[in-house]
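Reading through the structure tokens given below for one structure.
The values are calculated or read from the model by the stated rules, or taken from the named source; none is laboratory data. Everything numeric here is computed off the predicted structure, so don't read it as measured data. Please note: Cβ atoms are built from the backbone with ideal geometry, for glycine as well, and neighbour counts cover all protein chains shown. The protein model used for the area step is the full one, side chains on, heavy atoms only, and it has no ligands, DNA or RNA in it. Shrake-Rupley method; radii C 1.70, N 1.55, O 1.52, S 1.80 Å.
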Amino acid sequence: MSKKLYENDPYKKSFKAKVISVSNNNGKFYVKLDKTYFYPEGGGQPSDKGFIDDIKVIDVFKQDEEIIHVLDQNISEGKTVKCKINWKRRYDLMQQHTGQHLLSAVLKNDYDLNTVGFTLSEESLRIDLDKKISKQKINEVEDKVNTLIQKGIDIEIDFPDEKELKSLSLRKDPTVSENIRIIKIKGIDNSPCGGTHLKNTSELGLLKINDISNYKGGLRIDFVCGNRALDDYNKKNNTILKLKDILSTPEDTIINEVINLMDRLDDYKNIANELNEKLLKYIAKDLINEATKIGNIKVITNIYNNFSYSNVQYLSDIICENNNNIVIFGQHDNSSARLLLAKSNNIDKLQMNEIINEPLQLINGSGGGTIDKAQGGGDYINNLDTAVERSFEIIMSKLK
Ligand SMILES: [Zn+2]
């Protein structure tokens, strides 16, 4: 069984070890070492990454009581190897994980709230609480946690014997029955945990709660700690600086400026809609004047590719509001074609929902509608002309 040295010394970044066994699992190499400081995934904390003799360690996991290092290249059994943990990543995870202990401890000690869920990854850090708490209280919690960070409280790793364990007040029950490892934030928290943690709260630097949301009757808290909090601050500061620049406004008036812009945008949209309606009415008039006439019936045919389909539909509606008009419209963009057949409801010889079926097949389309208005779409864009022509032929033959 390989010795799990990370349990007592989570600050070791590189070490030498002996390869005990290697097995090939679908091109990935499962390596056991006589001892390891690589942390295997568990207890909500992701596994370490790094290198063994310059070969990438892509995953580390526990199998029974063994630690398996997953490598993307083979390595010799019996060899003494140089191991290097991706320290930037590991330290980040230690900062987030320790921050979680401290936050959960304050919530339990001062507000009697239990942490019932914990997510830690390279991108996200969150806990779920069993009950809700106000935004105001959350701000108070954040202040308390940061005060404890600034106090620089020691954090110890302990493997207490049974008697000692009974005397400890634990924040939660252990998930294992022997070799129970307790992380002690002195005077604040005793929590059973197998993960890697900092040795003093001062190394957390800062804990910032970014968001709270209701979750399963309780509360979900998204937060960041340490260097991750600083990166987050930089990112947000850059966003503010860009917004200041784009809007030419000081930081404290950005929100008002955006609200004003949204209001103006609504006004412009209303004006644009009114103008669009007026324009379409003029276009409809022109189309009616240029229509093919059969007795008193006017047949209007057109294909659009620079017009939205909603405009095409609106145009058809305006034309068919008047008596004796028939519309055959095609519309397409780069990926799809649409066909629209419509008529004024005083024309009773035609059933548009039947007429459309044959031309729709030409554009590999499907659709439907009513006697007065039918439409459908397909993807044979190049056949749209033919589909419009065929619609015209069918309609003409039925009108004669
Ligand atoms: Zn922990």
Run down Asn237, Asn260, Asn276 and say which single residue is surrounded by 10 or more Cβ atoms within 10 Å (Cβ to Cβ), among the polar types (S, T, N, Q) and under 28 Å from Lys144 (Cβ atoms). Asn237
Would you mind finding the one in Ile363, Ile371, Ile381, Ile326 that is open to solvent by less than 60 Å² (accessible area, probe 1.4 Å) and under 24 Å from Asn296 (Cβ atoms)? Ile326
Quick check on Asn210: is it away from the ligand (no atom under 16 Å from the Cβ), surrounded by fewer than 21 Cβ atoms within 10 Å (Cβ to Cβ) and over 30 Å from Phe159 (Cβ atoms)? yes
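For (1) closer than 17 Å to His197 by Cα; (2) polar (S, T, N, Q); (3) modelled with pLDDT of 95 or more, each residue gets a yes or a no:
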{"position": "Asn74", "(1), (2), (3)": "no, yes, yes"}
{"position": "Glu77", "(1), (2), (3)": "no, no, yes"}
{"position": "Ile85", "(1), (2), (3)": "yes, no, yes"}
{"position": "Lys131", "(1), (2), (3)": "no, no, yes"}
{"position": "Ile157", "(1), (2), (3)": "yes, no, yes"}
{"position": "Lys166", "(1), (2), (3)": "no, no, no"}
Criterion: open to solvent by 10 Å² or more (accessible area, probe 1.4 Å), of a type in the set (A, V, I, L, M) and more than 16 Å from the ligand (Cβ to nearest atom) - qualifying residue of Ile67, Ile55, Ile138: Ile55
Restricting attention to strands (runs of 3 or more DSSP E) lying wholly within segment 288-400, give those where 1 or more residues are among the basic types (Lys, Arg), in contact with a helix residue (DSSP H, G or I) (Cβ under 8 Å, 6 or more places away or on another chain) and modelled with pLDDT of 95 or more. 297-304, 337-343, 373-378
Mind checking which residues of segment 304-319 are open to solvent by less than 60 Å² (accessible area, probe 1.4 Å) and not small (Gly, Ala, Ser)? Tyr304, Phe307, Tyr309, Asn311, Val312, Gln313, Leu315, Ile318, Ile319
Here the residues within segment 1-32 that are farther than 25 Å from His97 by Cβ, within 33 Å of the chain's Cα centre (by Cα) and surrounded by 13 or more Cβ atoms within 10 Å (Cβ to Cβ) are Lys28, Phe29, Tyr30
If you check every pair at least six apart or on different chains, which have Cβ atoms under 9 Å apart with a residue in segment 329-341 that is in contact (Cβ under 8 Å) with a residue 12 or more places away in the chain and under 7 Å from Gly377 (Cα atoms) first and a residue that is aromatic (Phe, Trp, Tyr) and surrounded by fewer than 23 Cβ atoms within 10 Å (Cβ to Cβ) second? Ala337/Tyr380; Arg338/Tyr309
Residues (crowded, with 16+ Cβ neighbours inside 10 Å and without any contact (Cβ under 8 Å) to a residue 24 or more places away in the chain) located in segment 213-234: none
Within segment 101-116, the residues that are touching a residue at least 60 places away in the same chain (Cβ under 8 Å), of a type outside the set (A, V, I, L, M, F, W, C) and within 16 Å of the ligand (Cβ to nearest atom) are His101, Ser104, Lys108
Which one is nearest to the chain's Cα centre (by Cα) among residues in segment 81-117 that are surrounded by fewer than 21 Cβ atoms within 10 Å (Cβ to Cβ) and of a type in the set (A, V, I, L, M, F, W, C)? Val116
Would you check if Lys151 is within 16 Å of Gly187 (Cα to Cα) and of a type in the set (Lys, Arg)? yes
Write out, first by first residue and then by second, each pair whose Cβ atoms fall under 7 Å of each other, whose residues are 6+ apart or on separate chains, and whose first residue, in segment 33-44, is open to solvent by less than 60 Å² (accessible area, probe 1.4 Å) while the second is within 13 Å of the ligand (Cβ to nearest atom) and in a loop (DSSP other than H, G, I, E, B). Tyr39/Thr196; Gly42/Gly194
